[in-house]
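The values are calculated or read from the model by the stated rules, or taken from the named source; none is laboratory data. In this text the structure is predicted, and so the values were computed from the model without any measurement. Here the Cβ is made from the backbone with ideal geometry for all residues, glycine too, and neighbour counts use every protein chain on show.
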Amino acid sequence: MSRRICLTSLLAASALCACVAPAARIVSGPAAGPERATEHVITGQLTYRERIALIPGSLAEVTLIDVSLADASSTLIAAEEIEIGTEQVPIPFTLIYDSTALEPRMSYTLRATISDPEGNLLWTTDTMYPIAADNGDINIGTLLLVSAAVSSVPSSALLGEEWIVEDINRSGVMDYARVSIKFGADDTVSGEASCNRYTGKYEQTGSDLAIGLLSLTHRMCSEAQMDQENRFTDILSRVTELSFDQTGALILETDDGESLLARRW
């Protein structure tokens, strides 16, 4: 059995919908019908080439995101989470989205991941699956996922352009509160924490990473921004390990399993 949780457009008034269905059944899409004329569905399936069984309790997620701005974090438009029971790939999905959240001049793509029951990333797409703003209902076919096994970490891997944080402990980030990390050759770390800017020192040895005491500016922003800032800086200050997935995303983890995910655009 698989349990599906559909998160429709964050830019329109929408509600959380959950439904239970037998393996390999699409339960939250065309059969029920969109609730509004502007709602459409994207259907397809997730798979990977390796002959590796999924663990019961794993979680698949399909997201529609805005990737128009190269220097900003992607904006979430819609998402579907699928709690995996005993079924194996291919895993069907039905993603409901509101077409009023899409603009013809912007760029959108689908992204998919599968994580184990503890939240560790197992599989991810590494290819763009473009979605046009005027496509309406779409059968995208098969999204091919690749292993998210980490690679070795050279000492210079962190340096260069800043990293844009896309996820704080598997809870996403607010699209209007930028979070970034920049590692300097002088062992400094700095960036934007949602409201304030921060600076500090870091030490890297292979995949081991330690962040020193962070200094922040003293602006006050909305309660939501300050909450996100506190969660980000708390996790960042406790990071002990870094890795990269197959898409090039930077993953920073604490000893107790909390994580930050960032990438360069």
Would you mind telling me which numbered condition in (1) crowded, with 17+ Cβ neighbours inside 10 Å; (2) farther than 26 Å from Ser115 by Cα; (3) among the acidic types (Asp, Glu) Glu229 fails? (2)
Do you know which residues across region 173-194 are in a loop (DSSP other than H, G, I, E, B), surrounded by fewer than 17 Cβ atoms within 10 Å (Cβ to Cβ) and not hydrophobic (A, V, I, L, M, F, W, C)? Asp175, Tyr176, Gly184, Asp186, Asp187
Index of the failed condition, Phe244 passing every other in (1) surrounded by 13 or more Cβ atoms within 10 Å (Cβ to Cβ); (2) closer than 25 Å to Ile77 by Cβ; (3) among the aromatic types (Phe, Trp, Tyr): (2)
Pull out all pairs, ordered by first then second residue, where Cβ-Cβ is under 6 Å, the residues are six or more apart or on different chains, the first lies in region 195-223 and is closer than 17 Å to Glu241 by Cα, and the second is aromatic (Phe, Trp, Tyr) and assigned to a strand (DSSP E or B). Ile211/Tyr202
Wholly inside region 196-265, strands (runs of 3 or more DSSP E) that include 3 or more residues that are within 16 Å of the chain's Cα centre (by Cα) are 250-254, 259-263
Please work out if Ile138 is of a type in the set (Val, Ile, Thr) and modelled with pLDDT under 95. yes
For Arg178, indicate whether it is at pLDDT 85 or above, of a type in the set (Lys, Arg) and over 29 Å from Thr127 (Cβ atoms). no
When you scan region 36-50, do you find a residue that is of a type in the set (Ser, Thr, Tyr) and over 20 Å from the mean Cα position of the chain (by Cα), even just one? yes
For strands (runs of 3 or more DSSP E) lying entirely in region 38-149, having 3 or more residues that are of a type in the set (D, E, K, R), surrounded by 21 or more Cβ atoms within 10 Å (Cβ to Cβ) and assigned by the TED database to the domain that holds Thr247 picks out none
